[in-house]
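Asker: The structure is given below, and queries will be raised subsequently.
The values are calculated or read from the model by the stated rules, or taken from the named source; none is laboratory data. Remember, predicted model here, so these are calculated numbers, not experimental data. Because the Cβ atoms are built from the backbone with ideal geometry, glycine has one as well, and the counts that use them run over all protein chains shown. Heavy atoms of the whole protein, side chains included, go into the accessibility calculation; ligands, DNA and RNA do not. Shrake-Rupley method; radii C 1.70, N 1.55, O 1.52, S 1.80 Å.
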Amino acid sequence: MTIFDLLNLICGLALFLYGMEVMGEALKRGAGSRLKIILGKMTSSRPRGFLLGLGVTAIIQSSSATTVMVVGFVNSGTMALRQAVDVIMGANVGTAVTSWLTALAGLDGGASVTSAVAWLKPSSWIPLLALAGICLLMFVKRGKKRDVGATLLGFAVLMVGMEMMSEAVGALSESEDFRAVLTMFQSPVLGVLAGLVLTAVVQSSSASVGILQSLTTTGAIPYGAAIPIILGQNIGTCVTALISSIGANKNGKRAALVHLFFNIIGVIFWLSVFSLVNWIVDFSFVDMPINMWGVALVHTVFKFLSVGLMWPFAQQLEKLATLCVRDKKEAEANLLDERLMGTPALAVERADEVTRMMAQTACQSLQEALSLLDAYDGKKAEKVREMEEKVDSYEDKIGTYLVHVSALNLDEPDAREITKLLHLIGDFERISDHAVNFVESAEEIRDKKLPFTPEARHEIETITSAVQEILSMAYDCFIHNDLREAALVEPLEQVVDLLRDKIRLNHVLRLQKSECTIEQGFVLSDLLTNFERVSDHCSNIAGCILELSQHDALDMHQYLDTVKRGSREFEAAFEGYLKKYSLPEQRP
């Protein structure tokens, strides 16, 4: 093997790894929406969990990436450790798909263009694939077609790298030194270690299997040497997940250990069985040279045998991981795990889920605070303050997370979703702030013994009901992306503004007749200001959802002004709410 062969081998390896990286990233971007749907259907059903792991790994072409996602889901509390076991088993099988694709490089189709096998050989159709990929990348600026182009071009580069490696190692077929090195790996232990180290270095079992497949073109690697290496590669792929679990909570670490134990137990058991049976029977194929298809077959058969072995013992596998990572004082679950950023679509989906949790907490805090205006309760007041602190924490974490995600390569829907969430978290946080303001007003009414007149209480109850309805509508239109309900928020917000003005005027009239005091007026003014501000934030939430459903830009005030002008639906809703929340007229 000359220095030029070595350089070609290095170049081929670089192209192979780069092509796999480009293809994997493009597949993750392109499959983002489908991954959301698939992962949204996670259930306690074991077969579905297995198929979930298999399907996701087949889509993104990386069991390591799938397992890292699983560690992230378990760490954030989205997935239970019990569910993760079945998903990890499926991911291990799903990664076998890549080995069958790269094995296509081993086809020898001859020279005839009419030969069917000739057209199956990658060198026949890879140029067409590369041409289609580069055209899509050059002439399509954004969207799924561009991801398809990157996938096609990445796969073309991968296959070119595979062929370059195969050609570069061709000279090794006559090398006695190379054959002597390979005979060392017929020792099961050394073979497993070699496969483990190779996969740990390249951080991908698919890539290490592809490298092994290219070496088989020398005809110098027998089945007896290849089998231990292939099994060791399955242990090496666990390194990525183990590194990812550093800093995770106990269940995140356990998920990574489940992946490790699954492969270690499978390798030890099936390699022992194979060695024992071979010692008794003396398989004839052990000394036969393995080819690319043989590597893919051994890789796949081992995957299915390991699942068959461990499937009945999934609970014991979970317990083993639990024994290794014992329960201690647990830190708070990391709701927004950075591991999910490897698949931006899933990171955006998770941010949306946590924002929903934030919205629920903010709205609940306001409802609890409003109830204190009728009957003050110290425990409820403390609960509102705790929820407000929780919402503040949500806003800080979600905002930071979304800023990091926005720097990734996102498609249009995900970029629009990030824009929406960044606007909404501020409004929900302010709603919880106003909840604390209501608590302080309730405490002032209690401490200073400032009971309102029956007329004032009725007015406060009326505007409270209106604000509770607009809060419920804003929350529902966000959770369900309900545009019809979102359109009804602004008319009610206008009614709340009118109620505020009318209640202030009525208070002045009562003050003139000495029916109430100035101190009561100060408290009432604070209440009315908070009522009006809450309805404004609800209007912002609904307006954001409506605006982004129709445009990419976000000019809230201009959009809401457009909605108000000349809209029959707006006028009808406004009149309905005005009648529903009418107040009796007071005479001077």
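Asker: Which of the numbered conditions does residue 237 fail, given that it passes all the others? Conditions: (1) β-branched (Val, Ile, Thr); (2) crowded, with 24+ Cβ neighbours inside 10 Å; (3) farther than 18 Å from residue 190 by Cα.
Answerer: Residue 237 satisfies every listed condition except (3).
Asker: Residues that are part of a helix (DSSP H, G or I) and more than 30 Å from residue 404 (Cα to Cα): does the range 324-336 have at least one?
Answerer: Within the range 324-336 (the criterion being part of a helix (DSSP H, G or I) and more than 30 Å from residue 404 (Cα to Cα)), the answer is yes, since at least one residue qualifies.
Asker: Further question: Identify, by number, the condition in (1) within 19 Å of residue 317 (Cβ to Cβ); (2) touching a residue at least 12 places away in the same chain (Cβ under 8 Å) that residue 268 doesn't meet.
Answerer: For residue 268, the failing item is (2).
Asker: May I pose another question? Would you check which residues across the range 481-498 are modelled with pLDDT under 90 and open to solvent by 40 Å² or more (accessible area, probe 1.4 Å) and list them?
Answerer: Hits for the range 481-498 are 481, 482, 483, 484, 485, 487, 488.
Asker: Testing residue 585 on (1) at pLDDT below 85; (2) surrounded by 12 or more Cβ atoms within 10 Å (Cβ to Cβ), one condition comes back false. Which one is that?
Answerer: So residue 585 meets the others, but not (2).
Asker: Look at residue 300 and say whether it is β-branched (Val, Ile, Thr), at pLDDT below 85 and assigned to a helix (DSSP H, G or I).
Answerer: Answer is no for this residue.
Asker: Could you tell me whether the range 282-296 includes any residue that is open to solvent by less than 50 Å² (accessible area, probe 1.4 Å) and in contact with a strand residue (DSSP E or B) (Cβ under 7 Å, 6 or more places away or on another chain)? Reasoning before the result, please.
Answerer: Going through the range 282-296, the residues open to solvent by less than 50 Å² (accessible area, probe 1.4 Å) turn out to be 286, 290, 292, 294-296.
Now restrict to residues that are in contact with a strand residue (DSSP E or B) (Cβ under 7 Å, 6 or more places away or on another chain): 286, 290.
Yes, because at least one residue in the range 282-296 is open to solvent by less than 50 Å² (accessible area, probe 1.4 Å) and in contact with a strand residue (DSSP E or B) (Cβ under 7 Å, 6 or more places away or on another chain).
Asker: Among the helices (runs of 4 or more DSSP H) lying completely within the range 36-151, list those that include at least 3 residues that are surrounded by 22 or more Cβ atoms within 10 Å (Cβ to Cβ), in contact with a helix residue (DSSP H, G or I) (Cβ under 7 Å, 6 or more places away or on another chain) and at pLDDT below 80.
Answerer: Here the list reads 46-60, 63-76, 96-102.
Asker: If you don't mind, there's one more thing I want to ask. Would you mention how many residues in the range 271-305 are touching a residue at least 12 places away in the same chain (Cβ under 8 Å) and hydroxyl-bearing (Ser, Thr, Tyr)?
Answerer: Of the residues in that region, 2 qualify.
Asker: Please name all residue pairs, on different chains or six or more residues apart, with Cβ atoms under 9 Å, provided the first residue is in the range 7-24 and is among the polar types (S, T, N, Q) and at pLDDT 75 or above and the second residue is assigned to a helix (DSSP H, G or I) and open to solvent by less than 40 Å² (accessible area, probe 1.4 Å).
Answerer: Within 9 Å, the pairs are 8/165; 8/168.
Yes/no matrix, rows are residues, columns are (1) of a type outside the set (D, E, K, R); (2) touching a helix residue (DSSP H, G or I) at 6+ places or on another chain (Cβ under 8 Å); (3) modelled with pLDDT of 85 or more:
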residue	(1), (2), (3)
323	yes, no, yes
341	yes, yes, no
346	yes, yes, no
357	yes, yes, yes
371	yes, yes, yes
